[in-house]
Amino acid sequence: MKFSDEFEARFAEMVPHYPTKRSALVPTLLYAQDEVGFLSDEVIAEIASRLDLTELEVRNVISYYSMLTTKPRGKFNVQVCTNISCMVRGGEDILHHCAKKLGIGHKQTTPDGLFTLEEVECIGACSWAPAAQVNYDFHENLTTEKMDRILDEYKKKATQ
Amino acid sequence: MPAGLRLLRECEGETPSRQPAGRRRDKSRLLNMADVTLTVDGKKVTAPAGTLLIEACKTVGIEVPSFCYYPNLSLQGACRMCLVKVEKMPKLQTACTTVVGEGMVVITDSDEIKQARKSMLEMLLGNHPLDCPVCDAGGECELQDMTFSYGAAESKFMEAKNHKEEQQWSPVVFFDRPRCILCYRCVRVCGEGMDVWALGVQNRGVSSLIAPNKEDHLECEECGMCIDICPVGALTSGAYRYKTRPWEMKHVGTVCTHCGDGCKTTLGVRRSDTGMEIVRGDNRDKSGTNGDFLCIKGRYAFDFANHEERLTQPLIRKNGKLTPATWEETFALVGKKFAEVRDKDGGSAIGVIGSTRTTNEEAYLLSKFARVVLKTNNVDHHRTADFPALSAALRGKPDATASMADVYNAPAILLIGNDPTEQHPLLAWQIRNNVRLHRARLYLLNSQPIKLRRQATSFTQIPAGTEGKVASFLSGDDAAANALASPSTNRDAWTALRDKLHEEKNLIIIFGAEIRGNDIASLIAFGSALEGAKFICLADYANSRGAADMGLYPDLLPGYHPTAGGSDFHQEWAIPPTAGLDLPGMVEAGKSGKLKALYVVGSNPIGRLNIDPFACSKSFVVVQDMFLTETAVIADVVLPAANAYEKSGTMTNTCGDVQLVKKAGEISGTKADFEMIVRIADAMGFDVRKLVPFGGGTHADMGQSRGAQSGEADRHAVWLEMQGLEPKLTPLDPMAILDEIQRLVPGYDVSRVNLLAGNIEHTSLTKSGPGAAQKPESISPAHDGLFTSGTLGRYSRTLKSVMESHEVKPAEVAAD
Amino acid sequence: MCNLVIGKLKIKTGVPVFNYSITKLANFPIPMADLVSHPDEVRVVSRRFGQGAANLDRYLELDGYKAVQKALAMEPDSIINEVKNSGLRGRGGAGFSTGMKWSFVPKQSAKPKYVLCNGDESEPGTCKDRLIFEHDPHSVIEGVMIGALAVGAKSGYIYIRGEYRYLLEIMQKAIRDAYAKGFIGKNIFGSGRDLDIYWHGGAGAYEVGEESALMESLEGKRGIPRIRPPFPAVVGLWGGPTVINNAETLANVPHIILGGADWFAKLGTPKNGGTRLFCLSGNIAKPGVYELPMGYNLKRMLYEVGGGIPNGRKLKAVVPGGASCPCLTAEEVDVAMDFDSVAKAGSMLGSGGVVVVDDAQCIVKFALRTMKFYQHESCGWCIPCREGTDWIKKTLMRFHAGGGMKKDIDNIQYLAENMLGRTFCPLGDAAAMPTIAFVKKFRKEFEEHLDGRPCPYEKAGAEELVHA
């Protein structure tokens, strides 16, 4: 299967960093997922063959890491942290606000395919809680109003 | 792996392993290690340095419980059941990962440890369904046993248990996640033991589960090792599940009837309408060389026994149709016809085809019956290896054959031809695990990139048909290198390989049917120059070796003695003076009308050896078989035979290891081949005492007992049996023939006690007869793989059901 | 004002004469919104925060890559001794002496040696490495390099958690820049020595923060910890001896080399050298990451540095070092924040994540959220952690929802105590320890949940927020 030139450049740069091929597996999977949206059977087969692994081994690894998914997700993955630092500052309110606004629950995707909502564990934004990540972007010191603006911003971005 | 010679890749831990370095164990390091002394529960324990604490405890009878620890598999430390107190260590330590140390003081039984074990079980049972009453493993479940020994009676758990639907991964493998305790034994035995790597661990935490290689199903060797090694009922067998309770079965340890490796299989048998039904095969008691290894055939392919097409009454061709008849009528007819032909046209008008799956006693009896009763040397069988050549070449050489057990311990192995993974699964297991656990060096020469190349120190791919040239080259014929040299393996590489082999001590040289006749002589000439080299010649079926040893040849008697004369047999048997016809010869004689009668015992030459079904249309054909095979349908008389699981006796595997075959049960309406041969002889008016030396033995107490009081009689009977002195009361007792075999067949004078105890006794060819040169084309390898087994395999639904039997897929790559 | 001495870098041979001083920064210029400051701060690791030091030229202006040059002129053993004498202890949580750790690496090894920087920061309450990677990535690179010189490694890996993608990119750029200048790669600083540094990204797994699981992850496998012994210092990455240090630990190393072990040791308390990045979070007026000397009083940290508990609330509990540390009650917070003092107080200094809980919060719910985290992050390898976390979580869920029974309280404690010290890796302990503390210290609050009464802290009409 075909990946972007950017992916290929990254892959080519990464593999020689390690004494064993499979060491590049985890970052490679994440980069592939960024590009395809999820780790499809085709992606798994391709990466397995590139790194001399069985598909089973690749699946074993994928299923271990919480950022990796074999199921399609929305364009924007809204990951709201509700771990302790965020929880005591209203992280759950943010999560529920998102759920209400988007009309979806944990790990569900809006019908337009724009948003997936996910309750996540600590994302390392504790001193700026409550916090969320949309894809890789951090959004911190959240309030429900701020979250509204953020989600609207992403929606606008998608429709532009 | 590229074709060609990868010479001298020493296995410095480079064998494919998915386990991190910390979990790998190299048992070879334990050899030559100094002993250390430690104290366990106040007892002094001495063990070689490097021994695991859990194993050291075993040696003094201290049980440290565990689920995930399994001898010879990588260490996990996962189940935490083996926690023990090691002095000076703040936390409890896992005995399965702790190596013994000098002066170590260990406590395995304290309140703290009891509590640790109890809580592990409580936590396990939290999510474990308590469906023991309907669980296949109920009654033989390690979790039950552990809970009984170390657990608590009360349950603190009141939440809903995590549930996941049961999955069927293949016709023979079912997985029930809720029952799984994640000991990872299945994953390891599949990967490390089988080198299949079809199982993995997916997800994490409490959602962790064992996953098959094809997402929702398995594509593998279907060996079922994962099921047998499962301590609970998480992995269950499609062949056995929900059929019975373990305590309702009779467990009979016997020998697998399929390939020539001679695995012990313990059959679970229960009563059924037809007499008996085998419902399970395993070898959990690890009797036999195979330990707990069995392939799909040994584990599941017993189901032919209850196939509905099984013949259960004699058939006589009447008005062109095979019609049911009584045993009396049938034996009378066969006896009359055979006697008529013998008396009118002479014994040479009768042909006899023996079996590669009957017992040694039956093969011997048939060989004797042909010579002595039918007065013919027209005897043959489906040959898949050139044992007469092996015997001739090894004659006079002591300890020149290797046993199956030797393969696991040899420092080096040379394998030419064959694909043991497919054709000799136990041999492949022995080789693989010897390489993995003892770092044995494996030299492979094969025309195909066979799977064992992954374990090989050196793999050389050679053109098909040049295996014999390899033998010549190794034995010093440098000219043969011209035929072998290729761009990937030049002459120098060949010479280097030979030099390397010359340095090996105690090398086991294993070869397939590709090497026959003079090539065997060359190979043995080469091996005999090495210190301690031993040989294994690979033949295809459960008693192919026995058929050969017992003289199912037109020119050879039991023990490879020529029919021409010069053996003990000539003193006792009246043997026709000239060599008889081999199978092709009999076919020709049939076509020309010279062969008036043909007696086929447990063989299907028409179905398996491409023989014209009309070749014998002028002959009186008698077939003994379980099914109406291609050969049976053209017969005049068909006798319904019992199979190897329904009779007693001995069998010899391809290495020459003889083992006791035990009768697991019987199907009403069948008879063992042994009995049928005797009854035909009887119907021919032959004095069966001269065929089967029954009535011998002794009733005298031989000073062993003072009378039949209070158990003395029992003890006496056991003693007599152990000496082979128990009275054989009927001509149908195979032990009477075994007496004769042990007396007359060279190399079979093995310990009767050991045989009866279920052990393996290695026979020797040192004192065999001189043999006779056989035509190379008389060898017809069966090419049975993991999912076929000659005619028998066609009647095993399990073998036919697995998808791997329908498609041949290349093996997946091994990863680092 | 900032009076950092900014030396002129000389990239020739030898170490330039160099005047190094550490100053309390009263009015530190803060260009970034997320940086905070307090007069009590002692800036060592954070001295370049907000200075644009991710840019290599700027980093060089701020004394960058001087320490590694100095280290190049030192014997490996003297580097190790310097670090040992500095009293630097692992900032990832365990607090093991860094110099000791380095000294365990065998001098001779048939297999290559490695230095691995643990930037898989995932401990709830901890967000310090993030700032280091963002503001001062080269200091981590330099720390890895000095570590490599000390133990004789030729390669170093910087593992950054997958969620920190932007930091991974900052690090990639930093590494590439350093290669471009010839600071890493072949013949570094003309010393004739080769040293490669690589970046590596994770993909979401708390367990991978455990050092042996980190190696498994870096090797492209599931993050299951390894059996020890052998320890990573002897058999680590790809079988070679490996030093694994937290990012903050390594970022301290260049400062130790330049400032000297004595200076560093004196910043903190005996056996607890240097400073610490404390991540104040939760119910606190001025949350943020503050660099304070080791042994700084927690009470003062909360009320002086953090500005106290907002909204007129009172302090109920503090988790002093990330979610795995047993909480301290309001009465227990008068404690010096160094490894030994906090241990004496019955908790752990951990990873520096100080999570403040006010009296409006429900401890049962806090315990539940903590356990939900460990249940989610347990790798599942061993029975007590896999089953224990799930069982306690389920019980706490029911308990908090009003279905609790008195014996549940004992049962939760029983389960946690039976996990403690018996799991395959420290994650089980990390789940058990805070749970035991919650039950022991707040038993009354658990009892208030009994008999079907709704959670007394739950706002009326609030939904059950914790997902299964």
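The values are calculated or read from the model by the stated rules, or taken from the named source; none is laboratory data. Model, not experiment: these values are computed from the prediction. As a convention, Cβ positions derive from the backbone with ideal geometry for all residues, glycine included, and neighbour counts pool all protein chains shown. Areas reflect the complete protein model, heavy atoms only, side chains present, ligands, DNA and RNA absent. Shrake-Rupley method; radii C 1.70, N 1.55, O 1.52, S 1.80 Å.
Rounded, prolate or oblate: which one fits region C:332-438, using the alpha carbon gyration tensor with axes a ≥ b ≥ c (rounded when a/c is under 1.5, else prolate when a/b beats b/c, else oblate)? Here region C:332-438 falls in the oblate category. Taking the empirical scaling 2.2 N^0.38 Å for compact globular proteins as reference, region C:396-444 has a Cα radius of gyration ratio of 1.17.
Given only helices, namely DSSP H runs of n ≥ 4 each adding -39500 (n - 2.57), what is the per-residue ellipticity at 222 nm of chain C, to the nearest 500 deg cm²/dmol? Rounded to the nearest 500, it is -10500 deg cm²/dmol.
With R₀ fixed at 30 Å, the C-beta to C-beta distance from residue C:110 to residue B:502 puts the FRET efficiency at about 0.50.
Per the Debye formula on identical point scatterers at the alpha carbon atoms of region C:275-358, with no solvent, log10 I(q)/I(0) at q = 0.15, 0.22, 0.27 Å⁻¹ is -0.41, -0.95, -1.51. Projected onto its three principal axes, the C-alpha set of region B:270-414 covers 62, 48, 21 Å, listed from the longest axis down. Rounded to the nearest 500, the 222 nm mean residue ellipticity of chain B from helices alone is -7500 deg cm²/dmol, with -39,500 (n - 2.57) taken per DSSP H run of at least 4 residues. Legend: distances between Cα atoms for A:101/C:173; B:114/C:394; B:318/B:800; B:156/C:372; B:337/B:647; pairs beyond 30 Å are A:101/C:173; B:318/B:800.
The angle separating the long axis of helix C:426-441 from the principal Cα axis of greatest extent in chain C is about 40 degrees.
May I ask you to list the trypsin sites (Lys or Arg not before Pro) in region C:112-215 that are in a DSSP loop and have at most 16 other Cβ atoms within 10 Å of their Cβ? Those that pass, being in a loop and sparsely packed, are C:154, C:181, C:186, C:193. Using a 1.4 Å probe over protein heavy atoms, the accessible area lost on pairing C with A, summed over both chains, comes to approximately 4900 Å².
Counting only protein heavy atoms and a 1.4 Å probe, region C:334-453 has 27 square angstrom of accessible area per residue. Between C and B, roughly 3500 Å² of accessible area is buried in total, ligands, DNA and RNA not counted and the probe set to 1.4 Å. DSSP assigns beta bridges within the protein assembly as shown; of those with both partners inside it, close to 55 percent run antiparallel. On the accessible surface of region B:33-109, probed at 1.4 Å, how many percent belong to carbon and sulfur atoms? Carbon and sulfur together cover 57 percent of it. When the accessible area of region C:275-358 is computed with all protein chains present and a 1.4 Å probe, what percentage of it is carbon and sulfur? Roughly 46 percent, rounded to a whole number. Across region A:21-77, Cα-Cα pairs farther apart than 18 Å form 21% of the total. Could you tell me which of rounded, prolate or oblate describes region A:76-159, using a ≥ b ≥ c as the square roots of the eigenvalues of the alpha-carbon gyration tensor, with rounded for a/c under 1.5 and, failing that, prolate when a/b is larger than b/c and oblate otherwise? Prolate shape, in that a/c is at least 1.5 and a/b is the bigger ratio.
Of interest is the spacing of the C-alpha centroids, which for region B:241-304 and region B:629-643 amounts to 26 Å. Diagonalising the gyration tensor over the Cα atoms of chain B and scaling each eigenvalue by 5 before taking the square root yields semi-axes of 47, 33, 27 Å, largest first.
For region A:104-129, heavy-atom accessible area (probe 1.4 Å) falls by no less than 20 Å² from the chain alone to the full protein assembly at A:106, A:119, A:121, A:122, A:123, A:124, A:126, A:127, A:128.
Cross-link partners for residue B:534 among the lysines, with Cα-Cα distance under 21 Å and sequence neighbours closer than 8 places in the same chain left out: B:397, B:469, B:500, B:505, B:767. Over every Cα atom in chain A, the radius of gyration and the widest Cα-Cα span, Dmax, amount to 17.4, 50 Å.
One quarter of the convex hull surface built on the alpha carbon atoms of region B:120-237 amounts to 7.4 nm², the projected area averaged over directions.
Ligands, DNA and RNA left out, the accessible area of region C:56-267 computed with a 1.4 Å probe is 54% carbon and sulfur. Any chance you could give the angle, 0 to 90 degrees and rounded to 10, that helix B:712-722 forms with the longest Cα principal axis of chain B? For helix B:712-722, the angle is close to 70 degrees. Note on region B:347-440: Rg/Rh from C-alpha atoms, Kirkwood Rh, equals 1.12.
So which residues of region B:199-216 lose at least 40 Å² of accessible area, probe 1.4 Å, when you go from the chain by itself to every protein chain present? Listed in order, they are B:201, B:202, B:203, B:204, B:205, B:206, B:215.
A Cα-only calculation for the protein assembly as shown places Rg and Dmax at 38.0, 127 Å. Think of chain B as a dipole: +1 on every Lys or Arg Cβ, -1 on every Asp or Glu Cβ, centred on the Cα centre; then among B:510, B:100, B:247, B:100 lies furthest on the positive end.
Which is farthest toward the positive dipole end of the protein assembly as shown among B:86, B:766, C:234, measuring Cα position about the Cα centre, with Cβ charges +1 (Lys, Arg) and -1 (Asp, Glu)? Result: C:234. Compared with the dominant Cα axis of chain C, that is its longest principal axis, helix C:406-419 is turned about 30°. Put simply, chains B and A cover up around 1300 Å² of each other's accessible surface, both sides summed, when a 1.4 Å probe is used. Can you work out the base-10 log of I(q)/I(0) for region B:33-109 at q = 0.13 1/Å, using the Debye formula on its C-alpha atoms alone? The calculated log intensity ratios at q = 0.13 Å⁻¹ are -0.32.
Between residue C:316 and C:357, C:358, C:359, the built amide H atoms are under 5 Å apart, and every one of these is 5 or more places off in sequence or on another chain. In region A:136-154, the residues whose accessible area drops by at least 10 square angstrom when the other protein chains are added to the isolated chain are A:136, A:138, A:140; the probe is 1.4 Å and only protein heavy atoms count. Excluding ligands, DNA and RNA, the accessible surface per residue across region B:351-390 is 8 Å² with a 1.4 Å probe. Here is the list for region B:195-241: GluC sites (Glu not before Pro) lying in DSSP coil, each with at most 15 other C-beta atoms within 10 angstrom of its C-beta, are B:215. Positive-end ranking of B:152, B:735, C:356 along the dipole of the protein assembly as shown, with charges on Cβ about the Cα centre, is headed by C:356.
Site pair residue A:13 and residue B:273 shows an inter-label distance of 7.3 nm when each label is modelled 7 Å from Cα along Cα→Cβ.
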